[in-house]
Amino acid sequence: MVSPNWVPAKAETHPSAVGTFERWILACAGILFVLFLFAVPRPAGAVERASDRQVLHVLDRLAFGPTAADVHHVKAIGIDRYIAEQLDPQLGHPTPSPQTAQGTG
């Protein structure tokens, strides 16, 4: 049943038919732009800034709890480098010998 006020649309005047090609072009351009943003490489020396929560979590897991000095150190060098330090003691801070730790050396 057709309403009495219904008028058939003229060719190329319906909103869904007008600008279809232009909408596809804009959509593809937008997708390419977003992909380009993610594809741009970051500088090799850039250290990604870790949030306080991430730093505290890492120190809780890998150290004997977070200290202010440890938090500052991890923020300065980044989480990845801190983990590398923990796995390779020669990269990290010198550990005290048992004599100096007890105060006898």
Quiz prompt | Projected-area average for region 52-94 over all orientations - Cα convex hull basis, square nanometres | solution = 2.8
Quiz item: Computed FRET efficiency, Cβ-Cβ of ASP80 and ALA27, R0 30 Å: what is it to the nearest 0.05?
Solution: 0.20
Quiz item: So, by mean Cβ neighbours within 10 angstrom, what's the order for 64-72, 80-88 with the highest one leading?
Solution: 80-88, 64-72
Self-check item: Efficiency of FRET between PHE36 and ALA68 - r from beta-carbon atoms, R0 41 angstrom, step 0.05
Solution: 0.50
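None of the figures in this text is laboratory data; all of them are computed from the coordinates on show. Here the structure is a predicted model, which is why all the values come from computation and not from measurement. FYI the Cβ positions are ideal-geometry reconstructions off the backbone, even for glycines, and counts take in every protein chain you see.
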